[in-house]
Amino acid sequence: MSRSYYAAFYAAKGAPASLGEQQSMHSAVISAFGQLVAKDGADPVAGRALRLLFDNGTDADCNLRPASDADARAAIADARIVVDAVEAWLKTR
């Protein structure tokens, strides 16, 4: 699950960076993505998917909860939503 989150995280980090916004903390990247990208023409589902990936990944990592196959598939699908939304958003810039 963490690899799915990081795929989405780095895509989300790159979008605001293309506007000159630089964040390093995960919470700042998620917030900037929501403010600068998801509210500026990108699919709003992507912002929710990124937040869900962060929350689920943190829960799995902090609580040492093993992810089920269904959880892993859902995380991959959510990451794809974020990456696809960033790609589409960047094409409009």
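Readers should treat all values here as calculations from the given coordinates under stated rules, not as data from a laboratory. Nothing here was measured: the structure is a model prediction, and the numbers come from that model. Because the Cβ atoms are built from the backbone with ideal geometry, glycine has one as well, and the counts that use them run over all protein chains shown.
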If one compares the long axis through the Cα atoms of helix 69-91 with the longest principal axis of the Cα atoms of the chain, the angle in degrees, nearest 10, works out at 10 degrees
Cβ-placed point charges (K, R +1; D, E -1), dipole of the chain about Cα centre in debye, nearest 20: 160 debye
Could you tell me the relative contact order of the chain? Use alpha-carbon pairs under 8 Å, at least six residues apart, and round to a whole percent. 43 percent
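Calculate the FRET efficiency for residue 77 and residue 22 from the Cβ-Cβ distance with a Förster distance of 41 Å, rounded to the nearest 0.05.
FRET efficiency, residue 77 to residue 22: 0.90.
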